[in-house]
1. Filter region 110-140 for residues that are hydroxyl-bearing (Ser, Thr, Tyr) and open to solvent by 20 Å² or more (accessible area, probe 1.4 Å) and give the result.
2. If I filter region 184-195 down to residues being under 25 Å from the mean Cα position of the chain (by Cα) and farther than 16 Å from Asp149 by Cβ, which single residue comes out as surrounded by the fewest Cβ atoms within 10 Å (Cβ to Cβ)?
3. Please tell me if Gly126 is farther than 18 Å from Val192 by Cα and at pLDDT 95 or above.
4. Checking Pro73 against (1) buried (at least 21 other Cβ atoms within 10 Å of the Cβ); (2) touching a Leu at 6+ places or on another chain (Cβ under 9 Å); (3) not in a helix (DSSP H, G or I), only one condition comes out false. Which one?
5. Cys138 versus (1) among the hydrophobic types (A, V, I, L, M, F, W, C); (2) part of a strand (DSSP E or B); (3) closer than 16 Å to Asp43 by Cα: which is the lone unmet condition?
6. When you look at Gly81, is it modelled with pLDDT of 90 or more, in a helix (DSSP H, G or I) and open to solvent by less than 30 Å² (accessible area, probe 1.4 Å), yes or no?
Amino acid sequence: MRHERSKELPLKSLIRLSGDLLVESPELLFCDLAASAKFDVVDLAMLGLELCGTYLLEQDENAWKGFINTDTPMTSSAQIGRVLGYQGSVAGSRKAREALDLIVDGSHSPMESVLVALLTFPRRLGGFGLEGARMNMCVQTSSGDRFVDIGFPELNIAYEYKGLLYHLPEQAGRDDRRQNALAGAGWTVINVWHEDLTDPYLFSELEANTYRAIDRRLRKRSEKFRARQRALRSRLIPGLQRFES
């Protein structure tokens with residue numbers, strides 16, 4: 001695909017692989033894909049979570065397996081924002097800015113990205129609409145620093161994604177003691193298993209528990225919202241129809 005540009009590119013927008021072979025930087029890639037009709041806001045936000053996280057999806061794009069971990073993220077939301085600001089008003093810039101607002105840096109896995117999306121995406125997209133998320137954040141406790149998968153510092157709530165496989169007893173014991181330390185520091189910890197995201201009843205319980213934890217009343221949702229919520233889960237969770245059938 002050929003792109004013609006009327007403006008000079010930001011510094012470090014192209015990466016030299018070898019000789020005359022150049023590829024786009026992650027930041028420029030994000031901005032260019034925003035101009036494509038094939039990518040909507042949700043697609044861009046999930047791509048941004050990957051670019052700003054420490055994992056890479058493999059070809060099958062299975063969110064429970066088929067990814068590899070990396071030592072450092074390829075970029076950050078701040079770096080994407082700088083390139084987006086440099087480009088100004090171009091095709092897709094509005095979509096890119098909307099998606100950028102949904103990106104949280106520091107995800108360690110695709111399913112952590114799915115969970116943070118379901119928790120933080122605005123209700124018009126089918127999410128819970130929680131604000132202020134930080135991923136794999138450090139929490140100071142009386143027994144030392146502890147890390148949580150997804151934390152909301154203003155709410156003192158942490159989410160831990162447990163994955164498909166049950167932890168070994170030794171790991172489970174460490175997790176329990178870590179959560180005890182977090183509770184002692186005033187944090188509420190909500191454990192999330194993959195069934196909590198795939199099973200409709202358990203997902204509704206996760207939503208109810210979230211609102212109880214933040215001391216907010218869970219108002220009755222309209223069928224339009226529930227349809228948006230189901231659509232978002234279907235897009236983000238591989239094989240969801242298999243779990244709901």
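1. So in region 110-140, the residues hydroxyl-bearing (Ser, Thr, Tyr) come out as 113, 120.
Result: Thr120, single match.
2. Step one: filter region 184-195 for residues under 25 Å from the mean Cα position of the chain (by Cα), giving 186-195.
If we keep only those that are farther than 16 Å from Asp149 by Cβ too, we end up with 186, 195.
Details: Gly186: 9, Glu195: 14.
Taking the candidates together, the pick is Gly186.
3. On the way: farther than 18 Å from Val192 by Cα: yes; at pLDDT 95 or above: yes.
Criteria met by Gly126.
4. (1)
5. Looking at each condition in turn, Cys138 falls short on (3).
6. Details: modelled with pLDDT of 90 or more: yes; in a helix (DSSP H, G or I): yes; open to solvent by less than 30 Å² (accessible area, probe 1.4 Å): yes.
Answer is yes for this residue.
Conditions tested, residue by residue: (1) without any contact (Cβ under 8 Å) to a residue 60 or more places away in the chain; (2) outside any helix (DSSP H, G or I); (3) among the charged types (D, E, K, R).
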| position | (1), (2), (3) |
| --- | --- |
| Val192 | no, yes, no |
| Phe203 | yes, no, no |
| Glu207 | no, no, yes |
| Thr210 | no, no, no |
| Arg230 | no, no, yes |
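The values are calculated or read from the model by the stated rules, or taken from the named source; none is laboratory data. Because the structure is a prediction, the values reported are computed rather than measured. Neighbour counts are summed over all protein chains in view; Cβ atoms, including those assigned to glycine, are modelled from backbone coordinates with ideal geometry. Note: areas computed on protein heavy atoms with side chains; ligands, DNA, RNA excluded. Shrake-Rupley method; radii C 1.70, N 1.55, O 1.52, S 1.80 Å.
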